[in-house]
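Student: Input: one structure, supplied below.
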Amino acid sequence: MRTGVVLPIFQQTPAPAFAAATAAVDAGVDGLFCYDHIWPIGQPERPALAPFPILGALATMFDPAPGPGGGPYLGTLVARVGLVPDAVLAAQFVALEHLAPGRVIAGLGTGDALSEEENRAYGIPFAPAAERRADMVGLGRTLVEAGLPVWVAGGAAARTEEARAAGAALNVWDADPALVAARVAGPPGVEVTWAGPPPPAASPPLAERLAALDEAGATWAIFGWPVDVDELAAAARRLG
């Protein structure tokens with residue numbers, strides 16, 4: 001199982017994200033990810049850095065390590081269709097792939113009622129859900145054809161059919177391992193990656209959580225920042 005962290009980009013400057021990325025890579029975590037929001041959900045007074053400039057900077061920061069192209073994997077969790085035209089979003093991923101060949105993961109999502117306010121505040125249309133899902137599948141196919149691994153976000157509901165239609169993996173947010181196992185087994189079965197918020201202090205140890213997700217068949221486990229990256233990487237190594 002591979003591990004990752006979602007970097008702290010709801011900040012005025014990228015310094016906290018770069019510090020978290022350095023700590024994660026030094027510990028042996030496999031991937032660095034960024035949200036794609038205009039502001040943190042429900043908090044329009046707070047800042048949010050755009051994901052692609054952060055990821056582009058990270059592409060040049062580290063010596064070769066994990067990943068087929070050398071260095072950590074870099075991705076979005078998730079880039080939302082509709083915030084920019086699909087062709088622009090595809091071009092951003094392709095440009096990032098030129099900076100970090102073989103290391104870019106295109107995490108795609110549609111947004112939901114909680115993120116609609118961001119669109120409305122900036123005059124960006126918020127298409128009906130079915131239209132957003134169709135756009136996500138179409139963009140996913142485009143990126144798969146360009147050679148990028150694609151993850152389709154499905155939340156706990158897990159949009160397995162859409163992931164298969166796009167030729168993508170499914171990313172589930174904070175889902176129970178039983179749901180992961182059900183989506184892996186199908187029908188129709190797909191590769192499933194897991195992501196979730198920072199682990200609360202009262203939750204089971206990271207080793208237990210990773211073991212449960214690994215047994216369920218998840219190929220990645222990604223936690224929001226802050227997370228103990230040394231414990232996360234060590235637990236993954238013990239799983240092999």
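Student: Under the Kirkwood approximation applied to all pairs of distinct alpha-carbon atoms, what is the hydrodynamic radius of the chain in Å?
Tutor: By the Kirkwood definition, the hydrodynamic radius is 17.8 Å.
Student: List every residue whose amide H lies under 5 Å from the amide H of G71, counting only residues 5 or more places away in sequence or on a different chain, with H placed 1.01 Å from N in the peptide plane.
Tutor: Residues meeting the criterion, in which the H sits 1.01 Å from N, are A65.
Student: Another one. Residue by residue through segment 34-47, what is 3J(HN,Hα) from phi via Karplus (6.51 cos²θ - 1.76 cosθ + 1.60, θ = phi - 60°)? Round to whole Hz and write x for glycine and proline.
Tutor: Once rounded to whole Hz, the list reads 10, 5, 10, 9, 7, 8, x, 3, x, 10, x, 7, 9, x.
Student: How large is ³J(HN,Hα) for each residue in segment 183-197, as worked out from phi by the Karplus curve 6.51 cos²θ - 1.76 cosθ + 1.60 (θ = phi - 60°), to whole Hz, x for Gly and Pro?
Tutor: For segment 183-197, the Karplus curve yields 6, 5, 6, x, x, x, x, 9, 5, 10, 10, 10, 9, x, x Hz.
Student: Now, a different point. Treating segment 68-125 as a set of equal point scatterers at the Cα positions, no solvent, please give the Debye-formula log₁₀ I(q)/I(0) at q = 0.23 Å⁻¹.
Tutor: -0.90
Student: Lys/Arg Cβ at +1, Asp/Glu Cβ at -1, dipole of segment 2-239 taken about the Cα centre: which of P40, V81, L179 is farthest positive-ward?
Tutor: Of the listed residues, the answer is V81.
Student: Given an 8 Å cut-off on Cα distances and at least 6 residues of separation, report the relative contact order of segment 3-66 as a percent.
Tutor: Dividing the mean separation by the residue count of segment 3-66 yields 37 percent.
Student: What is the order of I41, I105, fewest Cβ neighbours within 10 Å to most?
Tutor: Least to most surrounded, the residues fall as I41, I105.
Student: Moving to a separate point now. Under 15 Å from the Cβ of V81, count the other residues' Cβ atoms, weight Lys and Arg +1, Asp and Glu -1, and hand me the total.
Tutor: -3
Student: OK, next. If you place +1 on the Cβ of every Lys and Arg and -1 on the Cβ of every Asp and Glu, how big does the dipole about the Cα centre of the chain come out, in debye to the nearest 20? Walk me through the intermediate numbers first.
Tutor: Details: 14 positive and 25 negative charges, 49 e Å.
The dipole magnitude comes to about 240 debye.
Student: Counting only C-alpha contacts under 8 Å and six or more residues apart, can you give the relative contact order of segment 1-115 as a whole percent?
Tutor: 25 percent
Student: In addition: Order of 217-224, 48-55, 182-189, 200-207 by packing, highest average Cβ count within 10 Å first?
Tutor: With the highest mean Cβ count within 10 Å placed first, the list reads 217-224, 48-55, 182-189, 200-207.
Values in this text are rule-based calculations from the coordinates and carry no lab data. Treat the numbers as computed from the prediction; the structure is a model and nothing was measured. Because the Cβ atoms are built from the backbone with ideal geometry, glycine has one as well, and the counts that use them run over all protein chains shown.
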